[in-house]
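In what follows, a single structure is set out as structure tokens and then discussed.
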Amino acid sequence: MPSPRVLLSIDYEPWFALSRRYDTVRDPALRRALDGGFTHQALDPLLEQLDDTRASFYLVGEIVDWYPDVPQKIIQAGHELGLHCQIHRPLVNERELAEDLAASAGWRAHYNVLGYRAPMVGISEAAYPLLKRAGFLYSSSIYAPSGNLHRKNGLWELPVSTLSLLRTPSHLSAPRQFSPRLLAAGEVPYGSSFMIGLMPGLILKIIERELRAGFSPVIILHPYELIRPERFLRRLGPDLAAYPLLLPFTLDKSTFLKTLRRHFPISPLLDYVRETAQATASEPIIQHPTTDD
Ligand SMILES: [Zn+2]
């Protein structure tokens, strides 16, 4: 089995993806204007923060249209380039996902994209054959305890990490998003940047414990959590007033990243999937005693 390490992912999206007010805005010029250059300006300082640490960047495809040098720079810096979506909105619906995948087909083929992270970590079981047909090797689009790597219709699913406080979940079918139901079942989705924003010190302790137990935690960060967009809180004001639970996503996590880099081994998700696949041929891998499928 691959050596335990933190599997660091950055869902590289415009700051306004956090607000759901713009999900239905379709005019590409308006969407680009809303971003206001953020996804371009944030990249260099973010790559500097990562320094020699390699991560997975799940990119929102419209950014490729706006700034073609963004995917190039990510790859040149040695990171994995994956897909988050073409336009950021919930894509649990199969038909909408198929359309979105078609819209990103060109640049995905050009950059040989193999990994997928669903927006809002929301996916249905029906998505896996679609992703397989679109050329993906793996997805990281459900929440589940670390140490689970699943075979789903010919695709690997490497979940974003939770800590199971009660009993290990017996059923890991999609969707498994961050929800009151997940929390009520005693699962702490510590891989979510929401949790990292709320209790960074505790999450670092959990990560350390997981690594010692031989697991490889999958965690998510966003560009606006590491590089501050101009007038970030002011522009998100109405959203924060309506949904105070957005606040942890707006907190700066560059100190968290710095501590993470200093103390733990880190790799992109693709490295882990490849190493595991090589080690085990194509058999399903379930390290936890679960009874999936
Ligand atoms: Zn996202």
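Just checking the listed ones, TYR190, TYR143, TYR67: in the Gaussian network model of the chain with Cα springs under 10 Å, the one fluctuating most is TYR67. A simple charge model with +1 on the Cβ of Lys and Arg, -1 on the Cβ of Asp and Glu and nothing else charged puts the dipole of the chain at about 460 debye relative to its Cα centre. Placing a pseudo-label 7 Å from each Cα along the Cα-to-Cβ vector at ARG133 and HIS171 gives an inter-label distance of 2.7 nm.
Quick one: pull the percentage of alpha-carbon pairs in the stretch 44-159 with a separation above 26 Å. Could the numbers behind the result be given before it?
Values: 1163 of 6670 pairs.
The proportion of pairs with Cα distances above 26 Å equals 17 percent.
Expected output is a single nm value to one decimal: the length gained when fully extending between HIS263 and VAL25, i.e. 0.36 nm times separation in residues minus the C-alpha distance. What is it?
Working: separation 238, 0.36 × 238 = 85.68 nm, distance 4.16 nm.
Going from the current span to full extension adds 81.5 nm.
Taking each DSSP H run with n ≥ 4 as -39500 (n - 2.57) and averaging over every residue of the chain yields -10500 deg cm²/dmol at 222 nm.
Report D for the stretch 129-175 in µm² per second (integer): Stokes-Einstein, Kirkwood Rh on Cα pairs, 25 °C, 0.890 mPa s. Numbers along the way, then the final one.
Values: Rh = 11.3 Å.
Diffusion coefficient, whole number: 217 µm²/s.
Divide the volume of the convex hull around the Cα atoms of the chain by the residue count and you get 123 Å³ per residue.
Throughout, read-outs are computed from the coordinates displayed, never taken from laboratory work. It should be emphasised that the depicted structure is a prediction, and the values quoted were computed from it without experimental measurement. Backbone-built Cβ (ideal geometry, glycine too); neighbour counts: all protein chains shown.
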